[in-house]
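Data block below; observations after.
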Amino acid sequence: MIGEKDDINLEVVEKKKVILGFYGLFYIVLLTLIVALGWFYLNNLEAFTREKVTPLAKLKDTLKAEEDVAMMKGSISPPVDIFRESITSPDKIAKGKTLFESNCSSCHGLEGKGDGIAGKTLNPPPRNFHELTGWTNGPAFPKMFKTLQEGIIARGMASYSTILPEDRIAIIHYIRTFRNDFPAIDQNELKELDKTYSLSVGVKMPSQIPVSLAEDKILNEDSVFSAKVISIISKINADKTNKSAEQFRNISTNLNRSVFSLASYTKWNENETQFVKFVTTDPKSKGFNTSAIVLSSEEWASMFQFIKSLF
Ligand code: HEC
């Protein structure tokens, strides 16, 4: 009888151990999660507070290229009257100046002389807008529009197609103030331009959602995806041997943001060209460095393979 009782007691003790073990594990997992989220939150504190305070104002703000990419799920931007927009005004020039200083001056210099810090190592160097010779597409209004729409990727000039057409035109008006003999705006050329890019109908834009929104969505709604993104960020951070990991860190101004922006738009996954296009189009708002564009095609290729393998 006594032996039996001892057996039962032993069994109870064993069960308690198993239960305690289970809870122990549970707490460890919970603690790890809390620490990971805390780490992530602290790393993004600045972005969170900035973005949470002014979401509405930001969506309306035409200067948003600096802050974040606009909501463009349907991939058509609002129609623009190119004939009206092509007429310069002090307001357009002022807007263009602000946009130029935040998006372009790092390479083209504050005075447009092609002497910005980020452009120092570029070959060819960024265009000096005070000279009218030697341009690739040309200094005429429609040519500059083409440059901003498509970029001259192979020569280090990114596409700025995610800046709204009228904002791009405002930048062109500002650039045209650097000299008083830029080619006159030709109405027939404007007609061509309108046709080429369907401007009066609406321009095709790359489909994307704002990075800040993606961050919120991922953090609030999708914990599995959130964990995946966090793990990708820490893998890229921790990998000190892989050259592509190092390069990716170098081309990121904010690693969390650059990985999030990749996570919020998956078309780059298709091939290297899409990847290069994604990173070099409005790089700043996606957490990338504008100088990413100087990488060689081999470097792009291996970085693409590396990043793709993580997602
Ligand atoms: C990362 C550096 C960089 C940034 C940022 C940059 N550019 Fe450029 N840009 C270049 C380089 C390099 C060239 C020279 C390309 C060439 O000679 O073909 C260039 C050339 C140009 C040209 C002349 C194209 C031609 O026909 O020769 C225009 C116009 C231009 N950029 C406008 C802009 C505007 C507007 C912005 C901001 C919205 C901007 N760029 C931002 C590097 C940059």
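Each value in this text was obtained by applying a stated rule to the coordinates, not by laboratory testing. Just so you know, these numbers come straight off a predicted model, no measurement behind them. Please note: Cβ atoms are built from the backbone with ideal geometry, for glycine as well, and neighbour counts cover all protein chains shown.
The figures follow:
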{"quantity": "Residue-by-residue Karplus 3J(HN,Hα) for region 179-190, coefficients 6.51, -1.76, 1.60, Hz, glycine and proline x", "calculated": "9, 9, 10, 4, x, 4, 7, 9, 4, 5, 5, 5"}
{"quantity": "Residue exposure sequence - Ser105, Ser252 - by fewest surrounding Cβ within 10 Å", "calculated": "Ser105, Ser252"}
{"quantity": "Region 82-196: relative contact order as a whole-number percent, Cα under 8 Å and 6+ apart", "calculated": "31"}
{"quantity": "Amide H contacts of Ile152 (H built 1.01 Å from N, under 5 Å, at least 5 apart or other chain)", "calculated": "Met157, Ala158"}
{"quantity": "For Ser252, residues with placed amide H under 5 Å, excluding near neighbours", "calculated": "Asn289"}
{"quantity": "Gap separating the Cα centres of region 233-251 and region 255-310, nearest whole Å", "calculated": "13"}
{"quantity": "Square roots of five times the Cα gyration tensor eigenvalues for region 82-196, Å", "calculated": "21, 15, 14"}
{"quantity": "Taking Val80, Val201 and counting other C-beta atoms within 10 Å, the order from fewest to most", "calculated": "Val201, Val80"}
{"quantity": "21 Å Cα-Cα threshold exceeded, pairs from Lys146/Lys267; Lys143/Lys286; Lys113/Lys143; Lys113/Lys277; Lys97/Lys284", "calculated": "Lys146/Lys267; Lys143/Lys286; Lys113/Lys277"}
{"quantity": "Karplus-derived HN-Hα couplings along region 273-290 (A = 6.51, B = -1.76, C = 1.60, θ = phi - 60°), whole Hz, x at Gly and Pro", "calculated": "4, 5, 5, 4, 4, 4, 5, 8, 9, 6, x, 4, 5, 9, x, 10, 7, 5"}
{"quantity": "Ranked list, fewest to most other Cβ atoms within 10 Å of each Cβ, for Ile185, Ile233, Ile28", "calculated": "Ile28, Ile185, Ile233"}
